[in-house]
Structures are given as structure tokens and as C-alpha cells.
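Taken together, the values in this text are just the output of simple stated rules run on the coordinates, not laboratory data. Because the structure is a prediction, the values reported are computed rather than measured. FYI the Cβ positions are ideal-geometry reconstructions off the backbone, even for glycines, and counts take in every protein chain you see.
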Amino acid sequence: MLFLVALDNDRMAILVTAVKQLRAGLVTDHSGHEVALKLFLQPCEEIL
């Protein structure tokens, strides 16, 4: 599953923090094993 989300910089920081916390919790729940959750940042420029 893939989600594409466009946010301003202020909201982006909140989202990144929340996803990092979610991932840390999932890793803890899975006894330290890697989980299939990734977050990628692609800056974008509004053109219209």
C-alpha cells in the first residue's frame, strides 16, 4: 500500500515525528525485528 501526502513544512515535521514513533512501537512489538513501514520524503514545488 502506498500513500502520497503533500503537506507544508510545519505539518510535515508533525507527520514525520508521528510515523517515527509508530515505527518504533511496531519494532518493539515485534521483538526488535524490522517492520515493513517506510517513509520517504520527496520535496515538491507547486507549479499551478
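Suppose every Lys and Arg Cβ carries +1 and every Asp and Glu Cβ carries -1, with no other charges. What dipole size does the chain come out with about its Cα centre, to the nearest 20 debye? Intermediate results must be reported in sequence, preceding the final value.
Working: 4 positive and 6 negative charges, 42 e Å.
That gives the chain a dipole magnitude of about 200 debye.
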> Once Rh for the chain is found with the Kirkwood sum over Cα pairs, what is the Stokes-Einstein diffusion coefficient at 37 °C and 0.692 mPa s, in µm²/s?
Replying inline: 263 µm²/s
> By how many degrees, between 0 and 90 and to the nearest 10, does the Cα long axis of helix 9-29 differ from the longest principal axis of the chain?
Replying inline: 10 degrees
> Between residue 45 and residue 16, what FRET efficiency follows from the Cβ-Cβ distance if R0 is 22 Å, with the result rounded to 0.05?
Replying inline: 0.70
